[in-house]
1. Considering only region 1-42, state which residues are at pLDDT 80 or above and either in a strand (DSSP E or B) or surrounded by 14 or more Cβ atoms within 10 Å (Cβ to Cβ) (or both).
2. Mind checking whether some residue in region 199-210 is modelled with pLDDT of 90 or more and either more than 24 Å from residue 79 (Cα to Cα) or surrounded by fewer than 17 Cβ atoms within 10 Å (Cβ to Cβ) (or both)?
3. If you go through region 211-225 one residue at a time, how many are surrounded by 20 or more Cβ atoms within 10 Å (Cβ to Cβ) and assigned to a loop (DSSP other than H, G, I, E, B)?
4. If you check residue 237 against the conditions, is it modelled with pLDDT under 95, more than 26 Å from residue 111 (Cβ to Cβ) and not assigned by TED's automatic domain parsing to the domain that holds residue 123?
5. With respect to residue 184, determine if the residue is out of contact with any strand residue (DSSP E or B) (no Cβ under 9 Å at 6 or more places or on another chain) and at pLDDT below 80.
6. Look at residue 159 and say whether it is over 24 Å from residue 79 (Cα atoms) and out of contact with any helix residue (DSSP H, G or I) (no Cβ under 8 Å at 6 or more places or on another chain).
7. Read through the list (1) touching a helix residue (DSSP H, G or I) at 6+ places or on another chain (Cβ under 9 Å); (2) in contact (Cβ under 8 Å) with a residue 24 or more places away in the chain, then give the number of the only condition that residue 124 fails.
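The values are calculated or read from the model by the stated rules, or taken from the named source; none is laboratory data. Keep in mind the model is a prediction, meaning the values are calculated, not measured. Because the Cβ atoms are built from the backbone with ideal geometry, glycine has one as well, and the counts that use them run over all protein chains shown.
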């Protein structure tokens, strides 16, 4: 240990490394105790925590510091090699954004952000979920979203939108359903719609608003929390483990996403 700079130094080659090198905490001036508290609050606080709340809870002087800590932790919430959804999955697309006058039709976009959702079917309940910001609702966008989220060969339930027409060609057992059919039967894509509703309630209740350029980071946080909702303390341990499996994220990189 190099006592002056508090880094580890190889006796053979002289190379130096800190305990936070290669983690989301790389280069931080914030005490590691606060990082651990931040990770604990994010993983175990049931509704999540906003930058304003984190700043107040940990006594952080600048709002920008708390905001950046949360974004660095969100960057660690996507496992580099996570398993795809399996067996039977519901897939749908939806918009996030406030009310806009003058829009007509269910897919009229306006200034809203289009997102895709995929949810595992587990009996009458829901399994793991995936969420992704989409460029549009075309075959070129929806096909890759399903392909990267769902295991090939799985049963995929969707509506009758043409953007899903290539799923059978991609190797899925595609089972589309017309929204106007089956009136009075089991609710249409109930797990996907429930996930969308819960996501919107969470965003509004915890964060109030998420800018389109950073929305994917918030979707990643929701997925992380949902998929580990049964054991928040294990989620805390997982988050710290994932934090060492990602390249460091700088403030400039986060801000450049908005460019």
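1. Answer for region 1-42, where residues must be at pLDDT 80 or above and either in a strand (DSSP E or B) or surrounded by 14 or more Cβ atoms within 10 Å (Cβ to Cβ) (or both): 34, 35, 37, 38, 39, 40, 41, 42.
2. We begin by selecting, within region 199-210, every residue modelled with pLDDT of 90 or more; these are 199-200.
From what is left, the residues that are either more than 24 Å from residue 79 (Cα to Cα) or surrounded by fewer than 17 Cβ atoms within 10 Å (Cβ to Cβ) (or both) are 200.
So far as region 199-210 goes, yes, one or more of its residues are modelled with pLDDT of 90 or more and either more than 24 Å from residue 79 (Cα to Cα) or surrounded by fewer than 17 Cβ atoms within 10 Å (Cβ to Cβ) (or both).
3. Looking only at that region, the number is 0.
4. Details: modelled with pLDDT under 95: yes; more than 26 Å from residue 111 (Cβ to Cβ): yes; not assigned by TED's automatic domain parsing to the domain that holds residue 123: yes.
In short, yes.
5. Details: out of contact with any strand residue (DSSP E or B) (no Cβ under 9 Å at 6 or more places or on another chain): yes; at pLDDT below 80: yes.
So residue 184 passes the test.
6. yes
7. Only one criterion is unmet by residue 124, namely (2).
Results for (1) under 14 Å from the mean Cα position of the chain (by Cα); (2) under 18 Å from residue 89 (Cα atoms), shown as yes or no for each residue.
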position: 147; (1), (2): no, yes
position: 172; (1), (2): no, yes
position: 176; (1), (2): no, yes
position: 191; (1), (2): no, yes
position: 196; (1), (2): yes, yes
position: 213; (1), (2): yes, no
position: 220; (1), (2): yes, no
